[in-house]
Amino acid sequence: MSRIGYKEIDLPKGVEVSQKGNVVTVKGPKGTLSREISPLISMTVKDNVVKFDRDGNDNRLRSLHGTTRANVNNMVNGVVNGYSKTLKLVGVGYRAQLKGKTLVLTVGYSNPVEVPVPEDIEVKVPNNTTIELSSINKENLGNYAADIRSVRAPEPYKGKGIRYENEHIIRKEGKTGK
């Protein structure tokens, strides 16, 4: 059984955590994040330490306890350090370019695919086949990276497509030609 929910979150210098009703707000050097938490989980902030507690012990409450603590911890880490992901385009003629607030992907379709960039995510294209994403919100960053990857997911025969930087694609053999 996981005990993640009972772990305390130590707040670094310059980070403030406040709760108004069910909304938790985290302010730090990189920005501000807010999130609504379940009213079944109680949060206390005392001496730069955040603690979470639950009233019961049923399965739903235990899972909410750990999830709430992990989400608030991700918010604290985001406003202090931020998060980043790197995507690679693998394939002949595959390329990416940034035009204003739109990411344009040329990945083998008859027309380029345009993906709008959300407000809280910073996108850099250092070269044609690399996309660097950064944000303070881990959840939004992961969802946006998954949206980009889903435009042309890597295929198992040649390995072509959009993949995460350190992702390993299991390759298939293909036809033997006998």
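Measuring nothing but how far apart in sequence close Cα pairs (under 8 Å, 6+ apart) lie, relative to its length, the chain scores a relative contact order of 18 percent.
Computed over the alpha carbons of the range 107-177, Rg followed by Dmax gives 14.4, 51 Å. When restricted to Cα atoms, the range 4-81 yields an Rg and a Dmax of 12.0, 38 Å, respectively.
Computing FRET efficiency as 1/(1 + (r/R0)^6) for V92 and K30, where r is the C-beta to C-beta distance and R0 is 41 Å, gives about 0.60.
The C-alpha atoms of the chain define a longest principal axis, and helix 138-151 lies at about 20 degrees to it. Summed over qualifying helices (DSSP H, 4 residues or more, each -39500 (n - 2.57)) and divided by its residue number, the chain shows a 222 nm mean residue ellipticity of -7000 deg cm²/dmol. The shape of the chain can be summarised by an equivalent ellipsoid whose semi-axes, obtained from the alpha carbon gyration tensor, come to 39, 21, 13 Å from longest to shortest.
Rule-based calculations on the coordinates, nothing more; no lab input. On a predicted model such as this, the values are computed, not experimentally measured, just so you know. Neighbour counts are summed over all protein chains in view; Cβ atoms, including those assigned to glycine, are modelled from backbone coordinates with ideal geometry.
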